[in-house]
Every structure is written in structure tokens, then in C-alpha cells.
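All remarks here apply to the structure that follows.
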Amino acid sequence: MSLKEQLGYLFNPHSVAVIGASNQLGKWGYVILARLQASRSGRPLYAINKRETEVLGLRAYKSVADVPGPVDLAVITVPFQAIVEVMHDCVRKGVKVAIIITSGLAEIGGEGARLEEEVVKIARRGGIRFVGPNCLGHLDTHTNVRTVGFLPGVKKGNVALLSQSGNSSQSVTHYGGQMGIGFSKFVSTGNEADLHFEDYLEYLADDDNTKVILGYVEGFREGRRFFELAKEITKKKPIVIMKSGRTDAGVRAAQSHTASLAGSDTVLDAAFKQCGVIRVEELSELVDVAVPLIGQPLPRGRRVGVLAMGGGMAVTAADIVRREGLEMPPFSPVTMERLSELMSVRWSRGNPIDPGGDLVSYHALWPMLEDENIDAIIIVGGVGMIASFPSWVKLPPAARDGLAERRKAIEDIEVQDLEKTIELMKKHQKPILFVTQVTGAATRGLAYRKLRKNHLNFYSIPERAARTLRHLVEYSEYLGIARGS
């Protein structure tokens, strides 16, 4: 059976058994079975528990071998002392693939490492591939299978996440939800005793539901294979990796966490660049970079135009852009003329743009998008905020009459301007990164929803936007899209 077929049973099983299913709230066997039941996918679900006759309303079987129908996927949550016996049962049943949630194996060494080696031998003799052990589970939002019990709020999308850390993946998916990202697949890879990070990567290369691959990595089992795969995959879909363990302390922590093999950081850094992998420094950066990769064009160079709500913001953003190794060129004479027609006499007359006390307008973006000297734009402040106006400006009763209608009229105009902006962005292939704090009523505004739908989400500070843009530029240079590559 090919790797694609084997992992097909993982991401789209016809039936699932939870070995160690429990009626006790908070137990892994409870949460995972409850999550699978809540999906209402129509798949046969089997509860395996030696002491119970019924678990969460399902008949309980003493062994997976006793289940009357076929079992494609077994999720194993038993204590590590029972793991060998359970894998023998899975082989007898003809289980196709398994997920071992159980911890206390190779990551602690000694007896745990010996048991893990024995489980691997049994599974391989029986033709079973498995995820983990010491993992959080997995999900596929397109086939509606979720064995991960503690990962709420993950919506359907086209970003895949592979993580050697369960807790870190929770942070990524939570922040991804805040930034409007939907996920196609997620795998908590755990100790990778059998299936390795590279196996999932190979599968995702041809997954039509995945456009961007994110990874949290502590070490590679098959480093050469990873880079050979990445060299081909990055030509058609981006791979964004956070590789932890840069310091000696981090390397030791990684080895004790998932028994991973952490290599030389300097060598890894150079190899990532050679095969087009985008390496980020923080978990939140995985999401920051994924947002524009989903739906925005890649920049065709390093030249950035900045439009800010005020002079201080303009200067700060310009400094940050330059610090990231990007350029701040002058606008063309034609652009300068058009901006002077659009803006008041107080505008800064240069890049970055300070409107001189006026409100930031989409109209100023249009000449910038058409300027041959500009490859990308960062806009700081003032966009999509009219919806929150009543919450941060206290108006006297007389001024409140008709406020909702006036606000709606302004929002309608902003949405129309935004539609033209998106049209020009696509036409001229220039990404736009927005920086502003959006909370409360603003998140329910028409403009904000329009921006979010088109993957034009807001970064909280200019540093995040500039760093993201630098990653986009470097990936674009790798692909040969950006000039000078």
C-alpha cells in the first residue's frame, strides 16, 4: 500500500475505534470519542474499554479485535504499559492506521523507549502505520474527522499545520482563528516513532485542499529527505517552518520533549534558504506569513510604499521597513502629482506618506499601486474603523440622531473603495499589509469583513507587517518572481 493510500485512511477513515474510551469527563478517551461523536460524520464509531459495557451511549468492546465491522483508524489512549498488547490487537483486527496519544515512551528513555521500539516492530510486521506516540491527535476539516480533543475553534480552510508540539499547535490555531485563517489538516506528530514529519509533508504536497503548509519542528528524522521534498514542494506551494532549538538549551529541551533529532542550526538555516522554505522565529509568525500567502500576490521586488495615519507612525514604519532589509524608494513624478491632487497641502510629499492630519484614504493607495517604483504597500491605521466610532467617541444625545444611517453610508463608500483597491492589487500584483488595532464593534463592520474575506487582515504593530513582507519578498526572489533574483 502506498503512503498516499495509508495516510488516506488517516485523513478520511471509513470507521474509527477509540481504544481506552472513557465515561470520565476530562480523560483523553472521553474527549476524543465525544469529539468524534459531535462531528456527526456518519462514520461507524467503536468504543473499546475492558471494564465498561457502554461508553458515551455506545456499546463498549473489550478489545478492538471484538468489533464486528472493519476498523480503518484506531485512536489509542491506554496507559503505556498496555500499549504492546493493544498494538497486537490492532494487527489481528486488520487496522489500517493508528494514532497513539499515549505518552511515557521514548521521550523519557529506559523502559519507555524499549516499549516504543517493540510497538514499532509489531506495527510494521502487521502493516500498520501510526502517528505518535505522545501526540495530541489530528483533524481534517474537509472530511470532518477530528481526533484531537483539545483544539477548539478550528474552521475549514486551506492551511495545513504539522506540529511536533501539541501545546504549540494550540497557540497557532488560536491565533490563526483570530486572523481569519481556516485549516485543511492538522497533525500533532509526537515522537514520530513510525510516521515522520517528512511523510506528512509528502502527502500534503498533492493535497488539493492545502495551499500553504505550516510546521513547528524540533528536529528532523530524515533531514535529507525533508530538503529534497521541500525543494520540489515550494515551487508550487509555500512551506513556512518554525524550527525551535536554536540554543543549546533549546536543543536539550527538544530531545527530552519528543525524542527528536535536532541538527546544526547554521546548516539548517542555509538549507532552508536553498530549498525555498520560509523560516520564522515565532509561533505567531507562522500565521502572520500564512495570511497573505493564501490570497495575496507575491511582491515583484523589495520596494515598499508606506501610508500612515500620522507623522510618527509614518517615520516609525519607514524605519522598520528599512531595518528588515526592504527599500523605501521615492514615488514617481506622476504619482506625486496625483497624490497632491488627492490630499491636502499638509501631506508629507514623499514616501512614507503622512496625510497631515487628514483621514487615511484608499484613494491614496491607488496611485501607489500603479507606481512602477513600488512593489508592495504597508498602510498603518485608520482603515475599517468607522463601525466602532460610537464606542470610542462619546456624543451628546442631539448628535446621535441618524448616526447609524450616516455610519452605514460611510461604510458603503469605504467598501466600494476597497473593492477597487483589491482589483488594482490583483491587476498590478502588489500585496497590501494593513496595520491597526481592531476590536469590538470594528470587527463587525462591513469594511473589516470585506478585508478579512480577501485575506487582508490587520497586523497589530508595524514590525509584524514589515517582517512578514520581508519573508514574502525572499520567497518571491526564490521563485524568480521578484526582480534581481
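Every number here is computed from the coordinates shown, using simple stated rules; none is lab data. All values reported here derive from a predicted model rather than from experimental measurement. Don't worry about glycine lacking a Cβ; one is built from the backbone with ideal geometry, like all the others, and counts go over all protein chains shown.
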- Query: Where in the range 320-358 does the label zone of I413 land, with the point 7 angstrom along Cα→C-beta and an amide N cut-off under 17 Å?
  - Reply: 342-344, 358
- Computed over the range 296-479, the relative contact order (Cα-Cα under 8 Å, seq sep at least six) in percent reads 31
- For Kirkwood radius over Cα pairs in Å the list reads [x] 25.3; [y] 24.6; [z] 23.0; the calculated value is entry [y]
- Message: Under the rule of at least 5 residues apart or a separate chain, name every residue whose amide H is placed under 5 Å from the amide H of G381.
- Response: V435, T436
- Rounded to whole Å and sorted largest first, what semi-axes of the equivalent ellipsoid does the C-alpha gyration tensor of the range 296-479 yield via the square root of 5 times each eigenvalue? 28, 18, 15
- Among T266, T316, T468, T189, which comes first, second and so on when ranked by fewest other beta-carbon atoms within 10 Å? T266, T316, T468, T189
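Return K211, K243, K430 ranked ascending by Cβ neighbour count within 10 Å, so the fewest neighbours appear first. Intermediate values should be presented prior to the final figure.
On the way: K211 18, K243 23, K430 26.
Placing the least packed residue first, the sequence is K211, K243, K430.
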- Note on the structure: Quick calc, the range 1-135, dipole around Cα centre from Cβ unit charges on Lys, Arg (+) and Asp, Glu (-), nearest 20 debye, gives 360
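Which helices, taking whole DSSP H runs in the chain, have alpha carbons extending 30 angstrom or more along the helix axis plus mean Kyte-Doolittle at least -1.0? Intermediate results must be reported in sequence, preceding the final value.
Numbers: long enough: 403-428 (37 Å, -0.84).
Those that clear 30 Å and a mean of -1.0 are 403-428.
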- Label points 7 Å out from Cα along the Cβ direction at L3 and V84: separation in nm? 3.0
- Task: May I ask which residue of T468, F227, L115 lies farthest towards the positive end of the charge dipole of the chain, with charges of +1 (Lys, Arg) and -1 (Asp, Glu) on Cβ and the Cα centre as origin?
- Result: L115
- Message: Let me test this: with uniform point scatterers at the alpha carbons of the range 1-135, what is the Debye-based log₁₀ I(q)/I(0) at q = 0.13, 0.14, 0.16, 0.23 1/Å?
- Response: -0.50, -0.58, -0.76, -1.51
- Quantify how much of the Cα-Cα distance distribution of the range 98-210 extends past 21 Å, in percent. 38
- Message: Nothing charged except the Cβ atoms of Lys and Arg (+1) and of Asp and Glu (-1): what's the magnitude of the dipole of the range 151-295 about its Cα centre? Round to the nearest 20 debye.
- Response: 280
- Message: So for the chain, averaging the separation of alpha carbon pairs under 8 Å that are six or more residues apart and normalising by length, what relative contact order in percent results?
- Response: 11
- Message: Multiplying the sequence separation of S39 and M336 by 0.36 nm and subtracting their Cα-Cα distance, what value in nm do you get?
- Response: 101.3 nm
- With only Lys, Arg, Asp and Glu charged, each at its Cβ (+1 for the first two, -1 for the last two), find how big the charge dipole of the chain is about the Cα centre; round to the nearest 20 debye. 860
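Roughly speaking, what is the stretch gain from Q437 to Q274, that is 0.36 nm per residue apart minus the C-alpha to C-alpha distance, in nm to one decimal? Provide the component values of the computation, followed by the final result.
Details: separation 163, 0.36 × 163 = 58.68 nm, distance 3.60 nm.
Residue separation times 0.36 nm, minus the Cα-Cα distance, leaves 55.1 nm.
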- Going fewest to most other Cβ atoms within 10 Å around each Cβ, C90, C275 line up as C275, C90
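Relative contact order for the range 130-232 using alpha-carbon pairs under 8 Å, separation at least 6, rounded to a whole percent? Write out the running numbers ahead of the final one.
Values: 191 pairs, mean separation 35.2, N = 103.
Rounded, it is 34 percent for the range 130-232.
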- Query: What lysines could a cross-link reach from K121, if we take a straight Cα to Cα line under 20 Å and drop same-chain neighbours fewer than 8 places away?
  - Reply: K93, K96
- Note on the structure: When the charge dipole of the range 1-135 is computed with +1 on Lys and Arg Cβ and -1 on Asp and Glu Cβ about the Cα centre, the Cα farthest towards its positive end, among G26, V95, P44, belongs to P44
- Item | Cα-based reach from K426 at 24 Å (exclusive), listing lysines while leaving out same-chain residues under 8 positions away | K211, K235, K236, K237, K450, K453
